[in-house]
Amino acid sequence: MKGILPLSVSAAATGLLYHEHRMRTTAQRLSAATLETLLNAIDANDAQTGGHVRRVATYALILGEAAGLDEHTLHSIERVALFHDIGKLHGALTDIFHETAKLTPEERRAVMTHPQRGAEVLEPLNAFYPDLGKGVLAHHERWDGNGYPRGLKGKRIPLQARVVAIADSFDAITHRRRYSHARSFSDARRAIAERKGTQFDPELVELLLSPPVLAKIEKAMRHAHMPRKKARGNRRRGEAQPAPDITFRWRPRSRGSRSPDRQS
Ligand SMILES: [Fe+2]
């Protein structure tokens with residue numbers, strides 16, 4: 001009799017651990033599926049923005065990893081990168097972003113509302129991802145305080161937004177858009193370097209300009225500009241291993257890669 005109770009207690013504890021593990025895995029999968037659904041909705045509405053945000057996520061993750069950030073922060077950066085421009089899909093802005101003529105001052109003011117609109121769209125996720133809305137809201141802030149919408153300065157700007165701002169500009173420069181041709185990798189490197197300490201966090205710019213990081217970004221950029229194959233790898237049938245929070249690092253997409261991008 002003596003050994004029975006400890007054994008059953010041990011079995012119960014194991015069962016509880018297993019149950020917790022399953023619950024956590026299910027929650028992770030649900031979270032990844034929810035965010036990917038939102039990303040699919042961006043694609044369905046505007047595949048060019050879908051392509052842009054994936055490239056930005058790729059560059060932002062490279063920079064974040066080079067900065068030695070932990071996995072939790074990297075996930076957070078990735079989410080901000082993927083949804084930083086979701087506010088552009090607002091009905092009031094869609095026509096403006098599809099305009100081919102130069103923006104009027106009034107249109108420019110309207111465009112500047114997209115971080116706020118994005119944060120509002122994402123508000124229901126605040127309880128689960130408190131950094132997401134804040135990061136999206138701040139992705140056009142500048143290190144010198146001359147950004148928008150709040151004019152935050154320096155490290156008052158969330159780290160996620162500081163990383164994404166650099167990645168966003170890099171893609172805006174190197175990817176063809178409706179009103180500008182794609183410029184070279186060297187042009188982008190120069191432009192980012194020139195904005196060190198004014199638009200961008202100087203430490204992050206230093207990091208980006210280091211040869212190993214530049215090499216990784218250049219490789220990712222070349223990959224992003226290659227013809228895409230159908231996405232593979234994250235949709236294994238009956239996937240048994242735990243799904244990550246969302247890092248799909250940023251798998252190739254078959255859609256939206258050939259058309260000119262719109263404004264970042
Ligand atoms: Fe933006």
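Every number here is computed from the coordinates shown, using simple stated rules; none is lab data. Predicted model only: the values in this text are computed from it and were never measured. A quick note on method: Cβ atoms are made from the backbone with ideal geometry, for glycine too, and the neighbour counts reach across all protein chains shown.
When Arg190, Arg195 are ordered from fewest to most other Cβ atoms inside 10 Å of their Cβ, what list results?
On the way: Arg190 14, Arg195 18.
The most exposed by this proxy come first: Arg190, Arg195.
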More than 21 Å apart - percent of Cα-Cα pairs taken over the range 32-224: 49
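Could you check how many percent of all C-alpha pairs in the range 1-95 are farther apart than 21 Å?
Details: 2417 of 4465 pairs.
Result: 54 percent of Cα pairs exceed 21 Å.
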With eigenvalues of the C-alpha gyration tensor scaled by 5 and rooted, the range 48-153, Å: 25, 15, 15
Three principal axis lengths of the range 38-90 [C-alpha, angstrom, descending]: 35, 16, 15
Cα-based convex hull volume of the range 126-226 per residue, rounded to whole Å³: 125
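Using a Förster radius of 30 Å, what is the FRET efficiency between Arg29 and Thr73 based on their Cβ-Cβ separation? Nearest 0.05, please.
Working: r = 21 Å, r/R0 = 0.71.
Result of the calculation: an efficiency of 0.90.
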Normalised contact order of the range 32-224, rounded percent, pairs of Cα under 8 Å and 6 or more residues apart: 21
